[in-house]
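Okay, so here's the structure we're looking at.
The values are calculated or read from the model by the stated rules, or taken from the named source; none is laboratory data. Predicted, not measured: the structure shown is a model, and the values here were computed from it. Cβ sites come from the backbone with ideal geometry, for glycine too, and all protein chains shown count toward neighbours. Just the protein is used for accessible areas: all its heavy atoms, side chains included, with ligands, DNA and RNA removed. Shrake-Rupley method; radii C 1.70, N 1.55, O 1.52, S 1.80 Å.
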Amino acid sequence: MKNKYKYLLIFLIFTIITFLYSFYIFHLNNDEMWNYGFAHNIYQGLIPYKDFNIIIPPLFAFCVQPFFLILGDSLFTFHLFTSIVVGLTILFLYLKAGKNAFLVYPFIIIGYLPLQGIKLFVII
């Protein structure tokens, strides 16, 4: 029973930290707006490759749809979904690799900072 609470705590901690970081600290970039736009178009009933051009496979945009249906079509919902995906990723990595999975998380967060992350490494 303790393991279930430990896994739930790991999931919640990384989901909440990622959401707070991506929604409040990190500024919007073009990739995020493109991905949100693709999901928004699918939510509006448009068909990828037929009604609008999409340069990535639409699986991620389709996976966001249940969240859009429940919580509404907004950037808040989009960030919540991506945070849950990151939380699940860290949880599954923890189940497979143990505490070494926590070493991957900074690289995921730096992934939110494509150019700023490089600037951080140059400054240090």
Inset, instruction - For Phe52, enumerate residues with amide H under 5 Å from its amide H, sequence gap 5+ or separate chain, H modeled in the peptide plane. - result: Ile47
Inset, instruction - Read phi for every residue in the stretch 40-53 and hand back ³J(HN,Hα) as whole Hz from Karplus 6.51 cos²θ - 1.76 cosθ + 1.60, θ = phi - 60°, with x for Gly and Pro. - result: 5, 4, 5, 4, 7, x, 7, 9, x, 6, 9, 9, 8, 7
Inset, instruction - Over the stretch 1-82, with every protein chain in place, what whole percent of the accessible area is carbon and sulfur at 1.4 Å, could you tell me? - result: 69
Legend entry - With DNA, RNA and ligands ignored, accessible area of Ile54 (1.4 Å probe; Å², nearest 10): 20
Legend entry - Solvent-accessible heavy-atom area per residue, rounded to whole Å², over the stretch 35-99 at 1.4 Å: 57
Legend entry - Total formal charge among the other residues, if their Cβ is under 13 angstrom from that of Thr82, Lys/Arg +1 and Asp/Glu -1: -2
